[in-house]
Amino acid sequence: MGSDLSIYWNFSLLLNTSIQYSQMNTPTFKTDQEAFWAGQFGDDYIDRNQGAALLASNLDFFVKALKQTRQLGSCIEFGANIGMNLKALRLLFPHIDAHGIEINPTAAQELRQAISAENIYPVSILDFQPSRTWDLTLIKGVLIHINPEALPTVYDKLVESCERYLLVAEYYNPSPVVIPYRGHNDRLFKRDFAGEIMDRHPQMTLIDYGFSYKRDPNFPQDDITWFLMEKSN
């Protein structure tokens, strides 16, 4: 009986320790949208968004969107995923110092194949604290998935990270709307993100903009409207 009781208490102690360790190492998020992208849905997204055709489309996209820029020596992408955008940028600017923020652990691990591990910030954008600035700050297809109440915080971080250029590439709508996304509610939001950034931060000036169509016969993108802004100091 004493032996059985000892085994029981040892098992209970091990179980409680495992639960406490799991709780300590489970990320806590401020919004449901963060947990959504950090989990299985974010893992599944990786498989749908990679390959040579996407890389070619991204190359075409950045050639057009960045034609007004000069001397890009560094960049940071908010929501880099596995680095398909950063791979394209490094082909166009071979010496660029590329950094990326990524909330999904699986994607952040794969991002190491695109940029140096020390340049990866495996955190939520809402928790990211810029310690420097970059010549180009990029966010592409990410603001549409952020809780609207958190957008002012993200806008501030984008501008704080920006040394000169900010490229915002998202679904556009002149007024805020919520769109069902792959069977989920409150996971996709359209609005005038760039306009809101410039209203909140008057030092940001629009210098170029354009649209990339999903039916482009050669280099399709997902109906993205892009806005290139320059920061005045």
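Which condition breaks for Ile179 when tested against (1) farther than 26 Å from Ser57 by Cα; (2) open to solvent by 40 Å² or more (accessible area, probe 1.4 Å)?
So the condition that Ile179 fails would be (1).
So which residues in segment 169-183 are part of a loop (DSSP other than H, G, I, E, B) and modelled with pLDDT of 95 or more, if there are any at all?
Matches in segment 169-183: Tyr171, Asn173, Pro174, Ser175, Pro176.
So Ser131 passes all but one of these: (1) farther than 18 Å from Ile76 by Cβ; (2) free of Cβ contacts under 8 Å to residues at least 12 places away in the same chain. Which condition number does it fail?
Ser131 satisfies every listed condition except (1).
Checking Trp37 against (1) within 24 Å of Ser212 (Cα to Cα); (2) out of contact with any Pro (no Cβ under 8 Å at 6 or more places or on another chain), which test does it fail?
Every condition holds for Trp37 apart from (1).
Please state which one of Tyr209, Tyr213, Tyr165 is in contact with a helix residue (DSSP H, G or I) (Cβ under 8 Å, 6 or more places away or on another chain) and either open to solvent by less than 80 Å² (accessible area, probe 1.4 Å) or not β-branched (Val, Ile, Thr) (or both).
After applying the criteria, what remains is Tyr209.
Among the residues of segment 184-206, which ones are under 19 Å from Glu34 (Cβ atoms), open to solvent by 60 Å² or more (accessible area, probe 1.4 Å) and assigned to a loop (DSSP other than H, G, I, E, B)?
Listed by number, the residues that qualify are Asn185, Asp186.
For segment 86-137, give me each residue that is open to solvent by less than 60 Å² (accessible area, probe 1.4 Å), polar (S, T, N, Q) and farther than 22 Å from Ala35 by Cα.
Within segment 86-137, Ser116, Asn119, Thr133, Thr137 qualify.
The values are calculated or read from the model by the stated rules, or taken from the named source; none is laboratory data. Quick caveat, the model's predicted, so the values are computed rather than measured. As a convention, Cβ positions derive from the backbone with ideal geometry for all residues, glycine included, and neighbour counts pool all protein chains shown. We work out accessible area using only protein heavy atoms, side chains counted, and drop any ligands, DNA or RNA first. Shrake-Rupley method; radii C 1.70, N 1.55, O 1.52, S 1.80 Å.
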